[in-house]
1. I'd like the residue in the range 83-104 that is open to solvent by 50 Å² or more (accessible area, probe 1.4 Å) and part of a strand (DSSP E or B) and, out of all such residues, is nearest to PRO121 (Cα to Cα).
2. For a quick check of your reading: which helices (runs of 4 or more DSSP H) sit entirely within the range 222-291 and have at least 3 residues that are under 30 Å from ALA187 (Cα atoms) and open to solvent by less than 20 Å² (accessible area, probe 1.4 Å)?
3. If you take the residues of the range 165-181 that are under 14 Å from ARG26 (Cα atoms) and assigned to a helix (DSSP H, G or I), which of them is most open to solvent (accessible area, probe 1.4 Å)?
4. For the range 199-219, which residues satisfy the criterion of being crowded, with 18+ Cβ neighbours inside 10 Å and not in a helix (DSSP H, G or I)?
5. The conditions are (1) open to solvent by 30 Å² or more (accessible area, probe 1.4 Å); (2) part of a helix (DSSP H, G or I); (3) over 22 Å from ILE226 (Cβ atoms), and ALA136 fails exactly one of them. Which is it?
6. Return the pairs, sorted by first residue and then second, in which the second residue is of a type in the set (Lys, Arg) and modelled with pLDDT of 95 or more, the first residue lies in the range 239-257 and is over 11 Å from GLY200 (Cβ atoms), the beta carbons are less than 8 Å apart, and the residues are 6+ apart or on different chains.
7. Yes or no: ALA135 more than 17 Å from ARG26 (Cα to Cα), in contact with a Leu (Cβ under 7 Å, 6 or more places away or on another chain) and among the aliphatic types (A, V, I, L, M)?
Amino acid sequence: MFSAVARIERGPVELTVGMAFERRFRIFAINRRGIVFDTRFAPPIKAESGAIIVYLLLEGTLRWSDGVELVGPSLFVMRESDFEGAMGSRGRVFRSWGTPFRTVELRVQPADCAAEVAAVPAALPLDGPDDPLVAAGRLYLHASHAKKGQTVIADLAASYLRELERRGVLAADLASSIVHDEGVRGALWDAMRPMVETFGADARQDELVARVGWGARRVQRELTRIAVSHGVEWIGGWRDVVLRYRVRVAVLLLSSPALSVSEVADAVGYGSVEAFAHALDACGLPSATEIRRRLLGEASAD
C-alpha cells in the first residue's frame, strides 16, 4: 500500500487529505474547514473511470444540482465519473460544505461493490453517529492525517473495509488484498511522497528522477506500471494530473474570502497570479475573480 497525507493550513482554512492507494481500491480521508467544493469548477478528466465511490460523509452537507441533499453522518455510493467528470465534461454536479467537513471516500471497481448505484444517490442505513461503521471511518481518518498514523494505516483500512463487507456494501474481501511491502516500487513512492504531500505544488518529473536515482525512462515505465496495476491509467499523464489537481485545490481555496488570489496561487505552487490565471484558462475555467464571485455568492444561499 502507498500512503501519504497532504495538508494546507492558512488562517481559518484547512485542507487535509489522507490517501492510500492499493491495487483494488483507493481511499481518501478528507478534513476541510472554511472552504467549499463545487464540482462545476473542478477540471474533469479527459478519459473515463468506471469505478464506484463508497462515500462516508462524517460531517457536513453535500447537495446535488437536482436538489438532493445529504447530511453527515451519511453513507451512499456514486459513480467516480460523477466526482471526476468524464471525457472532458460533467453530467451531474454537486456542492459540499461544512466546518468541519469530513469524509472517507473509498473507490472500488463495480464488481467489488454490492450496493446498488442509483441515478440519484440515496443514503444507505446507518445507526447514527455511534454506528460502528462511522466509528471505524473516524478512526481511519484521524490516523491517516497523522504522520505517526501512517505506520498503522493499512490495519485501520482493513478494519474499515471489513466493516463495509459485513454490512453488505462490499462484495469482496478487499482487506486481504492489501500489500504491506511494495518492494522496489516503494522507493519510487518514497521519492514521490513529498510532491504528493504538497498537492503537486512542487511536482516536477526531473526532480523525481533525481530523488529516486533511476533513469528517466525507468521512472516513466514504473509510473505507468503502477497506474495500470492500480487501475488508474485513466487519470492521464504527469502534466495533466499535476495541472488538474493543483487547479482543483486552488479552486477550493478560492472559496474562502480570507485568502487573497495571490495567496491561493502561492499555496499551490504558482509563482505569480498570471501563472495561476494561465492554469485556470488551460483547464477551461473562468478567472479566479469570477470563480470566487460565484462561489461566495452561492455560499450565502446555503
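1. If we take residues in the range 83-104 being open to solvent by 50 Å² or more (accessible area, probe 1.4 Å) and part of a strand (DSSP E or B), then SER89 is nearest to PRO121 (Cα to Cα).
2. 238-254
3. Within the range 165-181, the match that is most open to solvent (accessible area, probe 1.4 Å) is SER177.
4. Scanning the range 199-219 gives PHE199, GLY200, ALA201, ALA203, TRP214.
5. So ALA136 meets the others, but not (1).
6. LEU252/ARG32; LEU254/ARG292; SER255/ARG292; PRO257/ARG292
7. No, not satisfied.
Condition check ((1) over 23 Å from LEU285 (Cβ atoms); (2) more than 17 Å from the chain's Cα centre (by Cα)) across all residues:
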position	(1), (2)
VAL54	yes, no
TRP64	no, yes
VAL68	yes, yes
GLY72	yes, yes
VAL93	no, no
GLU116	yes, yes
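The values are calculated or read from the model by the stated rules, or taken from the named source; none is laboratory data. These numbers were taken from a predicted model, which means no experiment stands behind them. Glycine also receives a Cβ, built like all others from the backbone with ideal geometry; neighbour counts cover every protein chain displayed. Note: accessible area is taken over every heavy atom of the protein model, side chains too, but ligands, DNA and RNA are not part of it. Shrake-Rupley method; radii C 1.70, N 1.55, O 1.52, S 1.80 Å.
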